[in-house]
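Here is the structure we will look at.
The values are calculated or read from the model by the stated rules, or taken from the named source; none is laboratory data. Just so it is clear, the structure is predicted and the values come from calculations on it, not from any experiment. Every residue, glycine as well, gets a Cβ built from its backbone with ideal geometry; the counts of neighbours run over all protein chains shown.
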Amino acid sequence: MGFFDIFKKKSQPASAESDVQTIEQAEEQKVQEQQELNTGLERTKTGLFSKLARAVAGRSTVDADVLDDLEEVLITSDVGVETTVKIIERIEQRVARDKYMNTSELQQILRDEIVALMDEAHATEGNFGLDAKEGEPYVVMVVGVNGAGKTTTIGKLAAQLKKAGKKVWIGAADTFRAAAIDQLQVWADRAGATMIRQEMGSDPASVAFDTLQSAKANGADVVLIDTAGRLHNKIGLMNELTKIRNVMGKVIPNAPHEVMLVLDGSTGQNAFEQAKQFTQATQVTSLAITKLDGTAKGGVVIGISDQFHIPVRYIGIGEGVDQLRIFDRRDFINALFGDAKN
Ligand SMILES: Nc1nc2c(ncn2[C@@H]2O[C@H](COP(=O)(O)OP(=O)(O)OP(=O)(O)O)[C@@H](O)[C@H]2O)c(=O)[nH]1
Ligand SMILES: [Mg+2]
């Protein structure tokens, strides 16, 4: 039982009438979701295209100067240097073939190359996560720096999983602050998930242990473990993650099946740095990139997909429960460039 068995499929047949969706309703919902995604990524899109427009203003063919400016556009859109260089090289190759390429084609070409890059990144993503044994809970440990959106992401996930008919257990292994435990409790109550907690200051590994035991005994489908925000350079805190992990494996072999790193997308380049440090210090099997709404730095998703080869499972486009989305690279590109053939 892998990630998508748990997170994508509804476990219960749609019995309640309200759950039965007609094809039209499903299509309507899809359109609405794309619109919300478009709205969430609006600032990234506007930023990218206004810069792009400036880069080609008054120029008719894609020449070296235009490519230089395009490079700057991508870097300042937080795509990251390495990924930008890759994209520019590919466009250069196309320009070499077609010397009179019109600047009006640049947008489509850029789109094509980003799609190709993200497809390649997806194809080479490792499946680092482990499968859960049939009948045992699927365990996700959530990690990241302070304020990245871990607790919120867990709350949203719990609500979505409950809605899909799953039995959800949440472990409050961020025992640093009482407020952190209470914040998680609010989300758990709202979602209708069971939360296992101890006093503030207690051992996070012990909370994780209790949570898994309770989840196992009660036949939970999914366990979400919240952890305290930590800086990658605090060795003690990084080691604590290893301890939490190890303890979980004692209750449920293979657990945690997934270690999800939550990155604040609005920090742009900093998110790259965090991803680098965390993946070096601990095993990370998936990413969630939050706060893409209200930021022009959404280009990070492209760069991070390309650089890390770890699946971006979720993106956050707002504080609301429904504003955590399973990441779909086509929908993402469509939100940035508008609908197109690919
Ligand atoms: N706009 C927006 N805000 C978000 C999103 N995800 C989280 N937030 C906000 O970011 C802030 C921090 O989120 P938390 O979930 O508390 O972050 P955390 O990683 O648990 O933080 P610590 O527990 O302090 O390490 C909160 O105000 C959230 O509402 C998002 O996708 N969009
Ligand atoms: Mg938190």
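Does D119 count as surrounded by fewer than 18 Cβ atoms within 10 Å (Cβ to Cβ) and part of a helix (DSSP H, G or I)? Against the criterion (surrounded by fewer than 18 Cβ atoms within 10 Å (Cβ to Cβ) and part of a helix (DSSP H, G or I)), D119 qualifies. Residue count for the range 30-87, restricted to those that are assigned to a helix (DSSP H, G or I), under 21 Å from E105 (Cβ atoms) and of a type in the set (D, E): 5. Sub-8 Å Cβ pairs linking a first residue in the range 282-293 that is more than 7 Å from ligand 1 (Cβ to nearest atom) to a second residue that is small (G, A, S) and not in a strand (DSSP E or B), at least 6 apart or interchain, are V284/A275; T285/G129; S286/G129; L287/A275; A288/G149; I289/G265; I289/A271, ordered by first then second residue.
Examine the range 172-186 for a residue that is under 30 Å from H309 (Cβ atoms) and within 14 Å of ligand 1 (Cβ to nearest atom), and state whether such a residue exists. Yes, the range 172-186 contains a residue that is under 30 Å from H309 (Cβ atoms) and within 14 Å of ligand 1 (Cβ to nearest atom). When both residues are 6+ apart or on different chains and their Cβ atoms are under 7 Å apart, which pairs have a first residue that lies in the range 222-238 and is among the acidic types (D, E), and a second that is away from ligand 1 (no atom under 13 Å from the Cβ) and outside any helix (DSSP H, G or I)? Qualifying pairs under 7 Å: D226/G171. Looking only at the range 144-174, residues that are closer than 17 Å to L212 by Cα and either within 11 Å of ligand 2 (Cβ to nearest atom) or charged (D, E, K, R) (or both) come to 6 in all. Could you list all residues from the range 98-110 that are in a helix (DSSP H, G or I) and either more than 18 Å from V301 (Cβ to Cβ) or at pLDDT 95 or above (or both)? Hits for the range 98-110 are T103, S104, E105, L106, Q107, Q108, I109. Scoring V207 on the criteria (1) over 21 Å from N146 (Cβ atoms); (2) surrounded by 20 or more Cβ atoms within 10 Å (Cβ to Cβ); (3) not charged (D, E, K, R) leaves a single failure, condition (1).
State all residues of the range 26-75 that are more than 18 Å from S266 (Cα to Cα) and polar (S, T, N, Q); if no residue qualifies, say none. Listed by number, the residues that qualify are Q29, Q32, Q34, Q35, S50, S60, T61. If you check A132 against the conditions, is it at pLDDT 95 or above, in contact with a strand residue (DSSP E or B) (Cβ under 7 Å, 6 or more places away or on another chain) and crowded, with 20+ Cβ neighbours inside 10 Å? Taking the combined requirement at face value, the residue does not satisfy it.
Could you look through the range 218-229, keep only residues that are closer than 22 Å to I181 by Cβ and surrounded by fewer than 21 Cβ atoms within 10 Å (Cβ to Cβ), and pick out the one that is farthest from ligand 1 (Cβ to nearest atom)? Ranking the candidates gives N218 first. Just one of the listed residues (A96, A132, A148, A159) is away from ligand 1 (no atom under 16 Å from the Cβ) and touching a residue at least 60 places away in the same chain (Cβ under 8 Å), and it is A132.
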